[in-house]
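Data first, discussion second: the structure below is written as structure tokens.
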Amino acid sequence: MESIRPRLSRNWDRTLFSAIGYVLLIFLAVACVLPFILIISSSFTKESAIVLKGFQFFPSEFSIEAYRILFKYPDQIVHAYIVTIAVTAIGTALGLFLNSMTAYCLTRKDFKWRNGFSFYFFFTTLFSGGLVPWYLMMTNYLHLKDTLTVLILPLLLNVFYIIVLKSFMNGIPEAITESAKIDGAGDFRIYRQLILPLAKPALATIGLLLALAYWNDWYNALLFVSNDNLMPLQYYLYKMLGNMDGMRKAMMGSGAVVTTALPTESLKMAMTIVACGPIIIAYPFVQKYFVTGLTIGAVKG
């Protein structure tokens with residue numbers, strides 16, 4: 001009897017701990033899902049209902065006016081989608097290649113300049129030249145204004161991503177690379193055939209972060225793009241919302257009653273749905289790698 005009681009106590013503690021954990025996870029899941037439901041509901045709610053009753057989880061007055069205005073010029077929004085998808089795909093692929101290759105070089109103990117380069121990368125996180133020198137360099141010296149490259153180049157390298165990948169690659173046994181060298185493999189072949197397959201969790205994590213950065217980027221387009229054919233989705237939506245606010249203020253200044261005429265709030269919600277839809281669909285494909293890559297890369301030194 002004395003030996004059974006501690007065992008029952010341990011089982012009870014484990015059950016209680018699991019129950020509390022599941023309750024907390026369910027609570028967090030609901031807390032994450034509810035705002036998204038509120039956004040979807042508000043995007044289909046009439047503007048007058050939002051003004052009078054606020055945001056609700058179920059539309060009190062159903063309306064698709066926000067989506068009608070958003071897709072008033074479908075060719076433009078489809079073209080903005082194409083630009084964003086192209087920039088995201090190219091930038092993510094190149095960013096993964098450059099960040100991972102840089103991290104691999106910094107893990108190689110036979111690379112005598114690795115400490116110097118590590119300090120240089122870290123130094124850039126503390127100080128920068130500022131916005132004006134950066135703008136002048138991109139426009140007057142590199143001549144990248146109104147090009148697709150200007151939307152890709154600024155986000156290619158990120159010191160945080162390099163540190164995460166470097167920390168992850170430090171956990172790969174050196175015996176793997178040493179045996180490959182004995183067999184006559186070169187540095188790039190070792191990186192391509194051995195290091196990259198073993199670093200899939202970290203690469204998936206950084207790839208998702210890169211894709212999110214490119215997909216949500218509008219600031220570089222604001223600075224460097226004036227050609228409508230190169231306008232990414234986020235900047236296109238930003239300009240549309242700005243035009244709506246401008247029209248609203250102009251009509252209010254003229255004395256017109258526009259409190260509920262323009263669906264400003266519901267349009268914001270509709271823009272959120274249109275902008276985040278594809279990236280949400282892509283997330284489940286890398287979810288199994290995301291937590292593993294982020295945690296292992298963060299704790300290994």
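No value in this document is a laboratory result; all are computed from the given coordinates. The structure presented is a predicted model; accordingly, all values stated were derived computationally and were not measured. Cβ coordinates were reconstructed from backbone atoms using ideal geometry, including for glycine residues, and neighbour counts include every protein chain displayed.
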Beyond 22 Å between alpha-carbons counts as too far, so tell me which of Lys112/Lys166; Lys109/Lys181; Lys112/Lys200; Lys72/Lys145; Lys145/Lys239 fall in that bin. Lys112/Lys200; Lys72/Lys145
At q = 0.21 Å⁻¹, what log₁₀ I(q)/I(0) does segment 79-166 have when each alpha carbon counts as one equal point scatterer in the Debye sum? -1.10
So if R0 is 30 Å, what FRET efficiency would Val78 and Ile37 give, r being the distance between their Cβ atoms, rounded to the nearest 0.05? 0.65
